[in-house]
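Read through the structure below, which is laid out as structure tokens, and then see the notes.
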Amino acid sequence: MISLTEAHRCISMLESLQPVRIPLDKALGLVCAEDVYAVHNCPTVDSSLKDGFAVVSSDIAEASPSHPVTLAVTGSLTAGDEKAGVHVSSGTAVRIMTGAAVPQGATAVLASEFAEVSGAAVTITADSRIGLNILCKGSDIVQHQRVLAQGEMLGPAHLGLLAAAGVKEVICYPVPRVAIAATGSELVWPGDPLTEGKVAASNMVTAAAELQAMGITASTVLVRDNLYTLHEHFQDIVRQVDMLITCGGVLDGDKDLTLRAMEQIGMVKIFHRVRIGPGKGACMGMVGKTIVFNLPGGPPSNHVALLLLALSGVRRLMGFLDCLPRKKQVFVSEELVGQTDWTQLVYSRVHSAGGSLHAVPLSNLTRFAAMAKANALIELPEGCAVIKKGSLAGAWFYPGYF
């Protein structure tokens, strides 16, 4: 049996999946496996920030409503037009749209609200300094500069940045292939009739939903309490996935056959039993290159082990260097009593008030109600017998909170 810290250290040492080249439209939520560099400048030319007129700024240095300046309009440019052959010289102006390339000779762009067109001439009523309303070539992105670093997760704005930098594909860690096997002859598929003694496979549903929130569609299967059946299913599954998560069968009862079946197919244990409550029975191992997390069957034990252990393993496969759940200090609203021999986890609801985080333990709720309402697990670490009301404590947050 190992501590939670030791279990996290084991998970953090897992190797990420082999990187692959991914098109931008498929890369959302993935992690860069290498630094990414700009293919070209952005913008590729000096371009206009306004609809207006490209001018020589010295021509209109004295322009004002009381002293307007009139210039000859010699052409026009819109975004995407070639600027070759379009030129601005003293005494002339070129009509220009936002995003269009600034023509040769122009030193500023005057916004259209300060200009009035009459035939082939424009009357200017405001001055313009050199460079006004011009976005210089490479001012957003310089060709060959590093735009993203290895280990960064790609969000929507990151993908926009890469597109602006001329990047079509990015080397990323791929989405892991994950299977969830819920074991137990008492289990039925959610929605099927619950005859006496049967239980819906809620652990499987929760785990699949957590993975779905990470962009992973896991395959799911129910397996009866039969050593041969478990052996056959597990042996088949591990050949097809990067990670197998099992629910149930990790204790020492006559029907707790999961670990026996895993041993039969050659699983090498990395750890078995973690000093946490709930979740103590969790096991992690490997069958070949496939990572296996064997989680307890009791809903709170399964859920805590999923949040603190298995999902961390998934994130590590996805290339996250910091793969552990987010942990922050919170003020607890009531006294909590722990077990000095292991780390106790308490479902809680955390909210922000007055610039700090405050946690309300949910010990008065039923198991499923507490799991559903909570957004964090207050930690009473090994050796901590009591956390006083109003004291600070560490809290592990559900994915997506704080």
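The values are calculated or read from the model by the stated rules, or taken from the named source; none is laboratory data. Quantities reported herein were computed from a predicted structural model and do not represent experimental measurements. A quick note on method: Cβ atoms are made from the backbone with ideal geometry, for glycine too, and the neighbour counts reach across all protein chains shown.
Results, tabulated for the structure shown:
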{"quantity": "Residue match in region 105-112 (condition: loosely packed, with under 15 Cβ neighbours inside 10 Å and modelled with pLDDT of 95 or more)", "calculated": "no"}
{"quantity": "Residues that are assigned to a loop (DSSP other than H, G, I, E, B) and surrounded by 15 or more Cβ atoms within 10 Å (Cβ to Cβ), drawn from region 153-165", "calculated": "L154, A165"}
{"quantity": "I180 vs. criteria within 16 Å of V20 (Cα to Cα), modelled with pLDDT of 95 or more and part of a strand (DSSP E or B)", "calculated": "no"}
{"quantity": "Odd one out for E6, checked against (1) touching a residue at least 60 places away in the same chain (Cβ under 8 Å); (2) closer than 30 Å to P156 by Cβ", "calculated": "(2)"}
{"quantity": "Count - residues of region 335-366 that are exposed (fewer than 14 other Cβ atoms within 10 Å of the Cβ) and more than 17 Å from Y401 (Cβ to Cβ)", "calculated": "9"}
{"quantity": "Segments classed as strands (runs of 3 or more DSSP E), wholly inside region 17-126, with at least 3 members that are within 30 Å of D242 (Cα to Cα) and under 44 Å from the mean Cα position of the chain (by Cα)", "calculated": "20-23"}
{"quantity": "In region 375-395, the residues that are buried (at least 20 other Cβ atoms within 10 Å of the Cβ) and more than 15 Å from K328 (Cα to Cα)", "calculated": "I387"}
{"quantity": "R129, sole failed condition from (1) in contact (Cβ under 8 Å) with a residue 12 or more places away in the chain; (2) outside any loop (DSSP other than H, G, I, E, B); (3) not aliphatic (A, V, I, L, M)", "calculated": "(2)"}
{"quantity": "Members of region 208-240 that are within 22 Å of the chain's Cα centre (by Cα) and of a type outside the set (S, T, Y)", "calculated": "A208, A209, E210, L211, Q212, A213, M214, G215, I216, A218"}
{"quantity": "Matching strands (runs of 3 or more DSSP E) fully within region 286-402 where at least 2 residues are without any contact (Cβ under 8 Å) to a residue 24 or more places away in the chain and not assigned by TED's automatic domain parsing to the domain that holds I245", "calculated": "343-353"}
{"quantity": "Test: residue in region 20-28 that is more than 23 Å from R129 (Cα to Cα) and in contact with a Gly (Cβ under 6 Å, 6 or more places away or on another chain)", "calculated": "no"}
{"quantity": "Meets criteria (β-branched (V, I, T) and touching a residue at least 60 places away in the same chain (Cβ under 8 Å)) for I96", "calculated": "no"}
{"quantity": "Pairs, first within 17 Å of V86 (Cβ to Cβ) in region 105-125, second surrounded by fewer than 18 Cβ atoms within 10 Å (Cβ to Cβ) and among the aromatic types (F, W, Y), C-beta under 9 Å, six or more apart", "calculated": "none"}
{"quantity": "Scope region 67-85; condition touching a Pro at 6+ places or on another chain (Cβ under 8 Å) and under 14 Å from S47 (Cα atoms); matching residues", "calculated": "L77, K83"}
{"quantity": "Members of region 168-191 found to be under 19 Å from T229 (Cβ atoms) and not polar (S, T, N, Q), listed by number", "calculated": "A179, I180, A181, A182, G184, E186, L187, V188, W189"}
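Here is a yes/no grid of residues against (1) surrounded by fewer than 17 Cβ atoms within 10 Å (Cβ to Cβ); (2) within 30 Å of F293 (Cβ to Cβ); (3) in contact with a strand residue (DSSP E or B) (Cβ under 8 Å, 6 or more places away or on another chain):
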{"position": "S3", "(1), (2), (3)": "yes, yes, yes"}
{"position": "S12", "(1), (2), (3)": "yes, yes, no"}
{"position": "R21", "(1), (2), (3)": "yes, yes, yes"}
{"position": "C32", "(1), (2), (3)": "no, yes, yes"}
{"position": "D46", "(1), (2), (3)": "no, no, yes"}
{"position": "A54", "(1), (2), (3)": "no, no, yes"}
{"position": "A61", "(1), (2), (3)": "yes, no, no"}
{"position": "S66", "(1), (2), (3)": "yes, no, no"}
{"position": "L77", "(1), (2), (3)": "no, no, yes"}
